[in-house]
Amino acid sequence: MAENIIIRVQSPEGMKKITSTKRETAAAFLKKVAKEFGFSSNGFSVYLNRNKTGEILSQNKALSLLKIKHGDMLFLFPSSAGPSSENMDTAQPHTSSSYPSFPSSSSSSSSLSRSHSAPQIQEDDIDQYLSKQEGKIYRNRDPQLCRHGPMGKCVHCVPLEPFDEDYLNHLDPPVKHMSFHAYIRKLTGGADKGKFVALENISCKIKSGCEGHPPWPEGICTKCQPSAITLNRQKYRHVDNIMFENHTIADRFLDFWRKTGNQRMGYLYGRYTEHKDIPLGIRAEIGTQNSLELIEDPKAEAVEEIAAKLGLRKVGWIFTDLLSEDTRIGTVRYTRNKDSYFLSAEECITAGHFQNQHANACRLSPDGHFGSKFVTVVATGGPDNQVHFEGYQVSNQCMALVRDECLLPCRDAPELGYAKESSTEQYVPDVFYKDKDKFGNDITHLARPLPVEYLIIDDFHSLATYLSQCSSSTSFLDIDSIGLLLDAVKTSNEELAQTWKKSEQWATIEQLCRSLDYAMGGPTLPQSSSAVWSCLHCTFMNQPGTEHCEMCSLPRS
């Protein structure tokens, strides 16, 4: 039997070791290289030297005749890597390194292995926009410390990177978590420009395909066994700010609790925009909410289609946790604080479930997704015993534990979660968290139970309540029939609204309104400035005292 040899193959993606024999032909060896790197048979070239000399051709010559020995290193270049004069040190990097750069050849220099194993990932518009921004934090010249002219720069005024922790800590209020795109800039910075960066999703499941032993629970090995997880504070967050576009959106949501005393839950629809207060930050602008029950919604597709026509998407979920303290003055109890909990374990699991359903598309991940921009908003009592809206997300580690069904809530302690133990049906890796004892030493604890603050990403900037309002759909009209109206609302186009007013659909609405008015007992009352009024153009019910529709911005008369 021929003696096995190991040959190293260096590519812009990194180095891989190929097992071969001295008598193996060059053609058979190149097939192994193509399979290992995920190339087609003619999508690359292999050379003996780094400067692209001594190409190894697909022929029947043995490797020993080509003077290739055990431990030798060969150099692989993709066929579209660039001009032939470009050496390995200056080879075009893959997508992960060029992702935050300005537009050049990043689209053509995609990741070698990923481009052949997965389709191109279509990222969100906000991610594509931020990836092209410089992101530097510019500072003015310090009159006391800077000793240079107005055109010079020194350490006291040179622009800072968007992930500079000292700058983030000195903001008002301080920022504990850098933005996700600032985190990407930190990974892709340095001399290698992030050539080997890959955002790996955590897996708590046994790897399939291990044939060296019987399946679990009869056997397990270090190759297929998932690694233990130590919960750490996530350094970044996918969304840096949550904003309600209009206070009436929140008021209508809270009216249900005010009238019935029952809690309420709903989905949040809006859009992702740039948050300029944080370097490369992302803001979730909430345009409306859609209340629901936790059952399959038969009209979910119609809601999503209407939202898409309005330029909206599902960006989060909201629920109330309100207990009245004094009904005479309208105060509520302050129950969620540092002495109790901010989110319960069950709410963290629900948030993790929703975030897994709405994963964030990311070209730096081999799976095509990493983390989530889906937010959680809770309406609860604040320190002043008034209703406050608090925004949260759960960490990527929590998402993995929820996705692989490794996390449970505690029945009697809502502030504690519990990592499941392995059983014959499921192997669960050990989950740990670190705490400090009374002497300040780090102590590792098994996550049975687990304080849920290790899973939460908070510190969102204020939940603003301003800008324009978005509407709900009309249930008795199909989406195609109101498409023109949706375009008019989206673009605030009065001509489109007037055109839709002449349609049969508007005539149907008018007839229904007349029928409803007749059933309620009489002709329509004259409009009053102190009563809620219906817009003549889009039928939106506006609050009293306004002369323009909050929906379409058209005049009342």
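The values are calculated or read from the model by the stated rules, or taken from the named source; none is laboratory data. Quick caveat: nothing in here was measured; it's all calculated off a predicted structure. Because the Cβ atoms are built from the backbone with ideal geometry, glycine has one as well, and the counts that use them run over all protein chains shown. Just so you know, the surface numbers come from the protein's heavy atoms only, side chains and all, with ligands and any DNA or RNA stripped out. Shrake-Rupley method; radii C 1.70, N 1.55, O 1.52, S 1.80 Å.
Under the classification rounded if a/c is under 1.5, otherwise prolate if a/b is larger than b/c and oblate if not, where does segment 357-420 fall, given a ≥ b ≥ c as square roots of the Cα gyration tensor eigenvalues? Mind dumping the intermediate values first?
On the way: a/c = 4.08, a/b = 1.40, b/c = 2.90.
Because a/c hits 1.5 or more and a/b fails to exceed b/c, segment 357-420 counts as oblate.
In the structure displayed, which of 31/52; 314/490; 259/299; 132/373 lie more than 22 Å apart, Cα to Cα? Spell out each step's value before the answer.
Numbers: 31/52 20 Å; 314/490 17 Å; 259/299 26 Å; 132/373 19 Å.
Correct reply: 259/299.
Would you kindly derive the ³J(HN,Hα) couplings of segment 251-264 from the backbone phi angles with the Karplus curve 6.51 cos²θ - 1.76 cosθ + 1.60 (θ = phi - 60°), listing them in order in whole Hz, with x for Gly and Pro?
Listing the rounded values in order: 5, 5, 5, 7, 4, 4, 5, 5, 8, 10, x, 8, 6, 9 Hz.
Given points 7 Å out from each Cα along the Cα-Cβ axis, report the residue 122 to residue 388 separation in nanometres with one decimal.
4.1
Could you calculate the FRET efficiency of residue 221 with residue 139 from 1/(1 + (r/R0)^6), where r is the beta carbon distance between them and R0 is 56 Å, rounded to 0.05?
Numbers: r = 54 Å, r/R0 = 0.97.
E(calc), rounded to 0.05, equals 0.55.
Sort 9-19, 367-377 by packing, meaning the average of other beta carbons within 10 Å per residue, with the highest value first.
Numbers: 9-19: 16.5, 367-377: 22.1.
Per-residue Cβ counts within 10 Å, averaged per peptide and sorted highest first, yield 367-377, 9-19.
Post the alpha-carbon centroid distance, segment 199-270 to segment 303-333, in whole angstrom.
When both Cα centres are located, 20 Å separates them.
What's the local net charge at residue 416, with K and R +1, D and E -1, over the other residues with C-beta under 13 Å away? Present the calculation step by step, with values, prior to reporting the outcome.
Details: positive: 411, 448; negative: 346, 347, 412, 415, 453.
That sum, taken over residues with Cβ under 13 Å, equals -3.
Can you work out the accessible area per residue across segment 263-380, with the rest of the protein chains kept in place, probe 1.4 Å, in square angstrom? Walk me through the intermediate numbers first.
Values: 5290 Å² over 118 residues.
Using a 1.4 Å probe on heavy atoms only, each residue of segment 263-380 averages 45 Å².
Would you mind classifying segment 16-56 by shape? Square roots of the alpha carbon gyration tensor eigenvalues, ordered a ≥ b ≥ c; an a/c under 1.5 is rounded, otherwise it is prolate if a/b is larger than b/c and oblate if not.
Working: a/c = 1.64, a/b = 1.13, b/c = 1.45.
Cα axes put segment 16-56 in the oblate bin.
Among 489-499, 389-399, how do they line up by average Cβ neighbours within 10 Å per residue, starting with the highest? Present the calculation step by step, with values, prior to reporting the outcome.
Numbers: 489-499: 15.6, 389-399: 23.3.
Descending mean neighbour count gives 389-399, 489-499.
Determine the sum of side-chain charges near residue 376: Lys and Arg each +1, Asp and Glu each -1, restricted to other residues whose C-beta is under 11 angstrom from that of residue 376. Don't skip to the end; give the middle numbers.
On the way: positive: none; negative: 347, 390, 458.
With Lys, Arg at +1 and Asp, Glu at -1, the neighbours total -3.
Using alpha carbons only, how many angstrom separate the centre of segment 350-370 from the centre of segment 412-458?
So the separation of the two Cα centres works out to 23 Å.
Which length gain, in nm to one decimal place, applies between residue 338 and residue 439 when the Cα-Cα distance is subtracted from 0.36 nm times their residue separation?
Working: separation 101, 0.36 × 101 = 36.36 nm, distance 2.21 nm.
Full extension from residue 338 to residue 439 adds 34.2 nm.
Got a sec to turn the phi values of segment 188-205 into Karplus ³J(HN,Hα) couplings, 6.51 cos²θ - 1.76 cosθ + 1.60 with θ = phi - 60°, whole Hz, x for Gly and Pro?
Each residue's phi maps through the Karplus curve to give 8, x, x, 5, 7, 6, x, 4, 10, 6, 8, 7, 8, 7, 6, 10, 10, 9 Hz.
Suppose R0 equals 35 Å; then what is the FRET efficiency for residue 255 and residue 557 from their Cβ-Cβ distance, rounded to the nearest 0.05? Walk me through the intermediate numbers first.
On the way: r = 28 Å, r/R0 = 0.80.
About 0.80, to the nearest 0.05.
Taking R0 as 45 Å, what's the FRET efficiency between residue 36 and residue 155 from their Cβ-Cβ distance, rounded to 0.05?
Working: r = 46 Å, r/R0 = 1.03.
Step by step, r from the Cβ atoms, then E = 0.45.
Given the Cα-Cα distance of residue 3 and residue 499 and 0.36 nm per residue of separation, how much length would full extension add, in nm? Show your work: numbers first, answer last.
Working: separation 496, 0.36 × 496 = 178.56 nm, distance 8.15 nm.
Additional length available on full extension: 170.4 nm.
Excluding same-chain residues fewer than 8 positions from residue 207, which lysines have a Cα within less than 23 Å of its Cα?
Hits, sequence-local ones excluded: 16, 17, 35, 223, 420.
Which distance in Å, rounded to a whole number, links the C-alpha centroids of segment 1-55 and segment 121-159?
For segment 1-55 versus segment 121-159, the Cα centre distance is 44 Å.
Pick out, from 345, 371, 406, the residue whose Cα sits farthest towards the positive end of the charge dipole of segment 308-415, with +1 on the Cβ of Lys and Arg and -1 on the Cβ of Asp and Glu.
371
List the residues, sorted by chain then number, that are 5 or more residues from residue 394 or on another chain and whose placed amide H is less than 5 Å from its amide H.
457
How large, in percent, is the carbon and sulfur part of the accessible surface of segment 1-49 at a probe radius of 1.4 Å?
Looking at segment 1-49 in its full context, I get 48 percent from C and S.
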